[in-house]
1. With the condition kept exactly as written, say whether any residue in the stretch 187-208 is part of a loop (DSSP other than H, G, I, E, B), within 14 Å of the chain's Cα centre (by Cα), within 13 Å of ligand 1 (Cβ to nearest atom) and without any contact (Cβ under 8 Å) to a residue 40 or more places away in the chain.
2. What are the residues in the stretch 138-174 that are among the β-branched types (Val, Ile, Thr), within 16 Å of ligand 1 (Cβ to nearest atom) and farther than 14 Å from SER232 by Cα, if any?
3. The conditions are (1) surrounded by 24 or more Cβ atoms within 10 Å (Cβ to Cβ); (2) more than 16 Å from ligand 1 (Cβ to nearest atom); (3) within 19 Å of MET27 (Cα to Cα), and SER250 fails exactly one of them. Which is it?
4. Can you tell me which residue among GLY221, GLY229 is loosely packed, with under 15 Cβ neighbours inside 10 Å, under 20 Å from PRO55 (Cα atoms) and away from ligand 1 (no atom under 16 Å from the Cβ)?
5. Kindly indicate the residue of the stretch 83-112 that is away from ligand 2 (no atom under 12 Å from the Cβ) and within 19 Å of ILE255 (Cβ to Cβ) and also surrounded by the most Cβ atoms within 10 Å (Cβ to Cβ) among those meeting that condition.
6. Against the condition surrounded by 21 or more Cβ atoms within 10 Å (Cβ to Cβ), aliphatic (A, V, I, L, M) and either within 16 Å of ligand 2 (Cβ to nearest atom) or over 13 Å from the mean Cα position of the chain (by Cα) (or both), how does VAL80 come out, does it pass?
7. Which one of these is within 14 Å of ligand 1 (Cβ to nearest atom), surrounded by fewer than 17 Cβ atoms within 10 Å (Cβ to Cβ) and of a type in the set (Asp, Glu): GLU181, GLU122?
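Just so you know, all these numbers are worked out from the coordinates, no wet-lab data involved. Treat the numbers as computed from the prediction; the structure is a model and nothing was measured. Because the Cβ atoms are built from the backbone with ideal geometry, glycine has one as well, and the counts that use them run over all protein chains shown.
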Amino acid sequence: MIHIKTDHDVTMLRRSAGLVGEVLAEMARRIAPGVRTIDLDHVGEEIIRDAGARPAFKGYRVGTEVFPASLCISVNEVVVHGIPSNRPLEEGDVVSVDCGVELNGYFGDFAYTFPVGELSVENEALLRATKQALYEGINRAVVGSRVGDIGHAVQQYCEARGYGVVLDLVGHGIGRSLHEEPQVPNVGRRGHGKRLKEGMSICIEPMINRGNAQVTVDADGWTVRSADGLPSAHYEHTVVVRRGRAEVLSSYEAIEAALAGVHGQAIPDSSGNDRDSAAAPDDGITNRITRFKEAILG
Ligand code: MG
Ligand code: MG
């Protein structure tokens, strides 16, 4: 069943997404050569718990496997669901951080792929294309489209550039559950799939390989890797389906401000525009975090 969100629901989902944004902005400030991903996980968990929320991924169960950490941190050829470890990050790595929280009964879930120091030309292009593919998908998340239109847009954009679109993992609805209907694949046929209705909240999350689309899963039951060992990227936003233009609840603004401040190298959109803030024009990050804190504290 697909839940249509009320204005109150959307307000609550925006707060949850705001907390995820705080965690990811802190990752942007900390990610550097020599940093261990397990330490990033601890920092993320502390921010989540200090806000009175719960890390949604920690203890997440699929069959008999239980995810052991607060963040999914996926380095280089790890596509998603990487388990934080003692391995130090190295110059040139690409690091996808996916964060989920439950705050006041509503879930937040979005992701960003970070550069560690200077990237190769190929990896920087991968990150830029994956992020742009996400926006191509978001542009289709409007009343009158179908789920297949989103996947079609992501797939077309990436395959035209020679990238592998991971089929095995999909986006999803989000609300009072982390994963709701409908599934939102990154491939699709135009005009096919569930009809998008005003007030549906969905996570769109392309997982894009520099090489082919095949993946494997480690013996730990979680770690998804590209089969050819080439790097992979993952960007995710939470959006509400609206008429004309999707309402983006998650924001990269604080993340990219932090990246620009620390490294001087946020991954620019292909357009050169900040499409993220264009989608949410009133969302000054300072105001948003202040509002968020007011909401938590008061
Ligand atoms: Mg998700
Ligand atoms: Mg996620």
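1. No: zero hits.
2. Result: ILE138, VAL147, ILE150, VAL154, VAL170, ILE174.
3. SER250 satisfies all of (1) surrounded by 24 or more Cβ atoms within 10 Å (Cβ to Cβ); (2) more than 16 Å from ligand 1 (Cβ to nearest atom); (3) within 19 Å of MET27 (Cα to Cα) except (2).
4. GLY221
5. The qualifying residue surrounded by the most Cβ atoms within 10 Å (Cβ to Cβ) is VAL94.
6. In short, yes.
7. None of the other options fit; the residue is GLU181.
Residues checked against (1) within 24 Å of GLU247 (Cβ to Cβ); (2) of a type in the set (A, V, I, L, M, F, W, C); (3) in contact with a Pro (Cβ under 9 Å, 6 or more places away or on another chain):
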| site | (1), (2), (3) |
| --- | --- |
| ASN139 | yes, no, no |
| ARG146 | yes, no, no |
| ASP149 | yes, no, no |
| LEU167 | no, yes, yes |
| HIS172 | yes, no, yes |
